[in-house]
Structures are given as structure tokens and as C-alpha cells.
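Here is the structure we will look at.
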Amino acid sequence: MYIRLLSLLALAAACCCLSPRAVLAADQVKPLKVLLITGGCCHDYAKQKDILKEGIEARAHAVVDIVYSADRTTKARFDIYEKSD
């Protein structure tokens, strides 16, 4: 489910950045900030996080930050969700 959502977000970001005006103005515009939170069971998130980061940054004017949990159980926890900001 998360991979599908991330794929859709990546596609949307890529489509927005492919217009001629966006391509010409890419040097003047700050890159889109993307936060990829991944980990848990059922997928190879250790590899997928790097593949997604590389793919998104290659196709969109974006910088991808990753929060990754190596916990491969269904109980993976992410400290970022505990922060109020």
C-alpha cells in the first residue's frame, strides 16, 4: 500500500516538473522536499528506499530525505511520528 502511494506521489511530482515552463525555471525554483518513511514487514524496504530516492530525484526537481526502520516486523516504530513538529 505504501509503495503504491509513493509511486503515485512520484508520478505526480514528475508530471508537474515535466512542463516546458517548469523545466526552464528549474534552476530558479527550490527543489520539492520529499520525506520517505519506510520499513516494516512484507517488502524489501532496505533496497526499495534507495531505488525510490534515486528514481524520484532523477525524474523530478526534488530532494528526498529518508526515515528508515530496519525492523522487519509488523510492529515497526518510527521516532519521527512521536515528534510534535
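3J(HN,Hα) along segment 34-48, derived from phi through the Karplus expression 6.51 cos²θ - 1.76 cosθ + 1.60 where θ = phi - 60°, amounts to 10, 10, 9, 10, 8, x, x, 8, 6, 9, 8, 5, 4, 8, 4 Hz, with x in place of Gly and Pro.
Amide H to amide H, with H built 1.01 Å from N, D71 comes under 5 Å of G40, counting only residues 5 or more places away or on other chains. Were the residues from Q48 through S84 laid out at 0.36 nm apart, the gain over their Cα-Cα distance would be 10.2 nm. Shape class for segment 41-85: oblate, because the ratio a/c of the largest to smallest gyration tensor axis (alpha-carbon atoms, square roots of eigenvalues) is 1.5 or more and b/c is at least a/b.
Readers should treat all values here as calculations from the given coordinates under stated rules, not as data from a laboratory. Since the model is a prediction, treat every value here as computed from it, not as a measurement.
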